[in-house]
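I have placed the structure first, in the form of structure tokens, so that the comments after it can refer back to it.
The values are calculated or read from the model by the stated rules, or taken from the named source; none is laboratory data. Computed from a predicted structure; not experimentally measured. FYI the Cβ positions are ideal-geometry reconstructions off the backbone, even for glycines, and counts take in every protein chain you see.
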């Protein structure tokens, strides 16, 4: 028998960006808090232009890269 769990974490990471695109859904692919922290996530359900305009002004984001662009969602890496 297997178990599936869904949970939500609260973090200051990208809160200002999320406030600009509240309709957007972010799904974590990878989170690393080692020497060079990075957050890899899928974004969907919102305005990607507003998201990409908000990321550089977010104080918790040093840089971002769009890794993939698939129908109705995009994969990003944030440092």
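Below is a table of values for the structure above.
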item	result
Tally of residues being part of a loop (DSSP other than H, G, I, E, B) and farther than 17 Å from residue 67 by Cβ across segment 24-57	6
Subset of segment 14-23 [part of a loop (DSSP other than H, G, I, E, B) and touching a residue at least 40 places away in the same chain (Cβ under 8 Å)]	14
Segment 33-58, subset at pLDDT below 95 and more than 19 Å from residue 7 (Cβ to Cβ), residue nearest to the chain's Cα centre (by Cα)	38
Candidate set: segment 24-53, residues that are in contact (Cβ under 8 Å) with a residue 24 or more places away in the chain and closer than 15 Å to residue 12 by Cα; chosen: the one surrounded by the most Cβ atoms within 10 Å (Cβ to Cβ)	39
All positions within segment 70-79 that are farther than 12 Å from residue 13 by Cβ, in contact with a strand residue (DSSP E or B) (Cβ under 8 Å, 6 or more places away or on another chain) and at pLDDT below 95	72
Within segment 22-32, tally of residues that are more than 17 Å from residue 77 (Cβ to Cβ) and more than 11 Å from the chain's Cα centre (by Cα)	2
Index of the failed condition, residue 11 passing every other in (1) without any contact (Cβ under 8 Å) to a residue 40 or more places away in the chain; (2) surrounded by 16 or more Cβ atoms within 10 Å (Cβ to Cβ); (3) not in a strand (DSSP E or B)	(2)
